[in-house]
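Heads up: the structure comes next, in structure tokens.
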Amino acid sequence: MAVAGNRVAGGLAAVWAAAWFDFFFTVPYYRFTIRSRADVTTAVLLLFTGLVVSQLAARARRLKVVAVTDAGYLAQIHETASLAKSATVPDVVVNHVRQQLTALLDLDGARFEYGALLGHPPRLEPDGTVTVGHSRWDVQLSGLPAEEIELRTFGNGQYYGRFMLQARPGSRPSLQTRLVAVTLAGQAGQAFGVTRTARSVS
């Protein structure tokens, strides 16, 4: 139960193990009463061991999920980086990243704006934080802002445009996920730099 469920389920399993030990294996039998000090010690040890095992099992499951998720993130970044190096036009990479961002951040949609910055929408910063005006927005508490969020794209230090992200209500991507989004946007910026260099050389 501790392995298949969560920490609460594991804790309940530990309590039930101790209770049924008392009920079936201690004198007086078939009563939730313990008279022997040795039986009390055994019941306490059963409870303690069960709780410890459930916590360790829950932590192991969480670490496995993190590892699998990290592998998925790395695969996305590697795929986009390879595309950025080989694409003859940056639009191919921009569209690819736009689709990745929509799935990654649980968005209703995303679009890309070339050129000058207009307005002051909420912004996904390079460090993964979200700012609204001059204040930091608590994504884990409030979710992503309802209005469009800009994610700026740079290549070799030059600004090329921005992704405009429309979040779904209640979307709360983790800081790690937001950092991956920033990295993907950076790969799109690199595609602009690569194609511009190729044009200047030719």
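Annotations for the structure displayed:
- Matching entry among Asp127, Asp106 (being surrounded by 13 or more Cβ atoms within 10 Å (Cβ to Cβ) and closer than 23 Å to Leu74 by Cα): Asp106
- Residue count, the stretch 71-98 (criterion: part of a helix (DSSP H, G or I) and either in contact with a strand residue (DSSP E or B) (Cβ under 7 Å, 6 or more places away or on another chain) or of a type in the set (A, V, I, L, M) (or both)): 12
- Filter result for Arg98 (under 19 Å from Leu184 (Cβ atoms), of a type in the set (Lys, Arg) and in the same structural domain as Ala181 (by TED's automatic domain parsing)): yes
- Among the candidates Ala81, Ala116, Ala110, the residue that is outside the structural domain of Gly189 (by TED's automatic domain parsing) and within 19 Å of Gly189 (Cα to Cα) is uniquely Ala81.
- Test: Ser54 is modelled with pLDDT of 85 or more, of a type in the set (S, T, N, Q) and part of a helix (DSSP H, G or I): no
- Hits in the stretch 173-190 (condition: assigned to a loop (DSSP other than H, G, I, E, B) and closer than 17 Å to Ala110 by Cβ): Pro173
- Among the residues of the stretch 137-170, those identified as touching a strand residue (DSSP E or B) at 6+ places or on another chain (Cβ under 7 Å) and among the polar types (S, T, N, Q) are Thr153, Gln166.
- Residues satisfying the stated conditions in the stretch 138-171, i.e. under 18 Å from Leu104 (Cβ atoms) and assigned to a strand (DSSP E or B): Ile149, Glu150, Leu151, Arg152, Thr153, Arg162, Phe163, Met164, Leu165, Gln166, Ala167
- Taking the criterion of being hydrophobic (A, V, I, L, M, F, W, C), under 20 Å from Leu175 (Cβ atoms) and touching a residue at least 12 places away in the same chain (Cβ under 8 Å), the residues of the stretch 100-145 that qualify are Leu101, Leu104, Leu105, Leu107, Ala110, Leu124, Val130, Val132, Trp137, Val139, Leu144.
- Tally, over the stretch 136-158, of residues that are under 16 Å from the mean Cα position of the chain (by Cα) and under 19 Å from Val180 (Cα atoms): 5
- Members of the stretch 119-136 found to be touching a strand residue (DSSP E or B) at 6+ places or on another chain (Cβ under 7 Å), assigned to a loop (DSSP other than H, G, I, E, B) and either closer than 18 Å to Ala146 by Cβ or not assigned by TED's automatic domain parsing to the domain that holds Phe154 (or both), listed by number: Pro121, Pro122, Thr129
The values are calculated or read from the model by the stated rules, or taken from the named source; none is laboratory data. These numbers were taken from a predicted model, which means no experiment stands behind them. Reconstructed Cβ throughout: ideal geometry from the backbone, glycine too, with neighbour counts over all protein chains shown.
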